[in-house]
Amino acid sequence: MLRAEQDGADVINFSISSDPGWSGSALGVAAAKLAKKGIQCVWASGNAGLNGMFYADSDGTDPSVLSAGSVDSAGDHLAQMSLSTSDGSSFRVTTSRFFPFPSSLGPNSVYFTTDPLCSGLPADAPSNLHDYIVVCPRGTCAFSVKSATATAAGAAAIFFVNNVDGLNQPSGVNDLPYGAISHSDGKRLEDGTASGISYTATFPQELAYVPRPSAGRLTDFSATGPTYDMYYTTKLTAPGYNVLAPYPDNRWTVTSGTSFSSPLTAGSVALFLKAQADRGEKRDLQAMRDALFATASAVPYGSEGKNESAAGVGAGMLQVNNAINAGTKVTPSMITLNDTEHFQGTKYVVISNTGSTTNTYELSHQPSVLMYGLDSTRNKMADYPGLEHDASPSGAATVKFSRSSFTLPPGQATILLLSFAPPTGVDDSRLPVFSGQISITGGPVPLKITYMGAATKMRDLKMISNRPTAFNTASPALLQGVYASPAREGQVFKFSATSNTRDFPSIMFNLLTGTRAMVMDLVAADANLGFQPTFTKRDAEEGEEQTAEAEEEEESLEDDLVTSPFIEIGSDMAGSSSDLLLTPHNDLARRSARRSRHSARASANTQEKLRAALKLWCQYTNFQGRGCTAKPAANTNTFKQVPIKGNIFTWSDVSRNTNNIDGSDLSKSYTYVRLIAPQYNDGSRIPNGNYKFLLRVLRVNGNPALQSDYDSWASPSFRIGVGE
């Protein structure tokens, strides 16, 4: 980033991921500082969409940074293979991820087999496949294994038949030209081969174009936000699925990812900045961003006539030509309303007529679908395709305008007052996120203002899930080393030998909600903590029963747990010893306090009313009444009053665990910590004695200094008995 600034860059594109869930990453802060210098950074939103909401792994969350998600491209540009048959006919199939094919290919005889080529060639294969095109089914083993078999037999290229129609592209083949063909084309080859027909392949040097019915729809892998502090993680979308892109060695490839959406967005930024300069205007990145947001086209959802949530698509799909020629400025054109505890329901927007004609503008409200972050159990995040949407009127915010129609001559501006109220007919225990657009018509191009908020109090979110582990043990669980079996109450760990993988304590749990601070300390087994841990045995007993999915994972985890990713304490992988709890992290407390002065609370539930009533009672009785604790001293750090023996780890800005729906990384579906040596986080020796682990997870918007703002769990007791 520093080099790009030194080289005079105007726009910097990034395809770098970070731990998802929070704003304020180091790269994000650096990007915001570059924006103040007139350099616009653009980030890919990430490809973790299957993991559900609050999981966009992008650093582009600051309001001054752009971030791009993916929508499906208008169509596919595909290479072709032309097949001539021994009976005199011919046909073409679309194929491959690379174009053009090597000039050395074609004409080539085709060897088709229904054998997956996982254990060498079948007995009926030609004795010499030199210069043959091999076509085989995908599946059973890795693509690299199949291609190695073909390469060893002298084949010139290999193509894989998909098990469904479509061109899901293979990967991991390094030794041969390769590609995929659709299931129906593969069936045609299979039937012809069974009838005694032989094929010869040639490779035309032009691309076929196949329109895509889902063009402009949100791609399922595109990551979904927002952040837990209610910033947009995707602000714009651009084509990122099956994009025709340049590839090394003067080739082209059809590939996918938000890494292809962000350069399209970065290029659009460059076009806008060039247009600003051509009009003699001073560079204004905020005006550029507002124009891109205001002119982005809506991304439709389903067939209900609603649009996708701004949590997934931001303002919508990029329309840079409209942005450059909008003729009207809207500032701001993207706003956040926060959660119900810190709700910012009053917004002021400036509309300026920058064109040459008088315009009469009309305002209307189009709510987008509401999204639930938690599934119906409220014990795990909803993932794709189980991510639940509410397109009914009950999921819509109420919006009022100071004026719904007004006329502006050229060069004139007006200020509009917008008043928002969150939807009330929703289940606030399932983390509902609502959004929508205020449409503005009457100018040269249609415009809009995008808004988003959470119809819940984020501070009330459960932080630790009581879902059973994949081993059907209670969660969180104190385990014996790397093994799945729970540790016994009072079990002695001697750390006797590295070969004994049971002889140290470890814990496994599912972090349901990301957190600004997660701390695990060691406390005496008989310690009076001064509070009751929020996560009790009763919580675990109320956890959902083991699902079939968990049962399927159990064998895999049993086999792989010894070598799976984990956090080792007492090794070079030990966590940071920095004490982030001395001050409110990232100004979150100050920002929350500032927002709360302008907040409009939603209707409180029964528990909230009871807490409020108890607070008033205690104040009335000077904290002497029944149920009251001693009056807290001013600026008391109750977190630090807990009698710990020492810190095991202190982590900040921690991502939630996933359900591993995309199969990318099983270890992300749980948090697994091993104390492999009897050492505290600072490297000092833990004396022999009886202990418990105390895990504390700061709630969203919580005060790091208040113990009451943490979810907490105390493990079963155990003994460290080195040498005993």
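The values are calculated or read from the model by the stated rules, or taken from the named source; none is laboratory data. All values reported here derive from a predicted model rather than from experimental measurement. Neighbour counts are summed over all protein chains in view; Cβ atoms, including those assigned to glycine, are modelled from backbone coordinates with ideal geometry. In case anyone asks, the SASA skips ligands and DNA or RNA and just uses the protein heavy atoms, side chains included. Shrake-Rupley method; radii C 1.70, N 1.55, O 1.52, S 1.80 Å.
Here K146 is the anchor, and the lysines within straight C-alpha reach of less than 26 Å, apart from those fewer than 8 places off in the same chain, are K187. Probing with 1.4 Å while keeping every protein chain in the model, the per residue accessible area of the stretch 213-363 equals 37 Å². For N163, the shell of other residues with beta-carbons less than 12 Å away shows a net charge of +1, using +1 for Lys and Arg and -1 for Asp and Glu.
For the set K462/K668; K36/K329; K36/K235; K33/K462; K329/K457; K235/K329, the pairs lying more than 26 angstrom apart at their alpha carbons are K33/K462; K329/K457. A Förster radius of 41 Å, combined with the Cβ-Cβ distance separating A277 from S127, puts the computed FRET efficiency at roughly 0.05.
The GluC sites (Glu not before Pro) found in the stretch 272-321 that occupy coil by DSSP, while having at most 15 further C-beta atoms within 10 Å, are E281, E304. Taking a straight Cα-Cα cut-off under 25 Å and skipping sequence neighbours fewer than 8 places away in the same chain, the lysines within cross-link reach of K494 are K645, K692. Cross-link partners for K37 among the lysines, with Cα-Cα distance under 20 Å and sequence neighbours closer than 8 places in the same chain left out: K274, K282. Placing R0 at 30 angstrom, the Cβ-Cβ distance between S171 and A270 gives a FRET efficiency of 0.45 after rounding to 0.05. Take the Cβ atoms of A524 and A26, set R0 to 41 Å, and the FRET efficiency comes out at 0.65.
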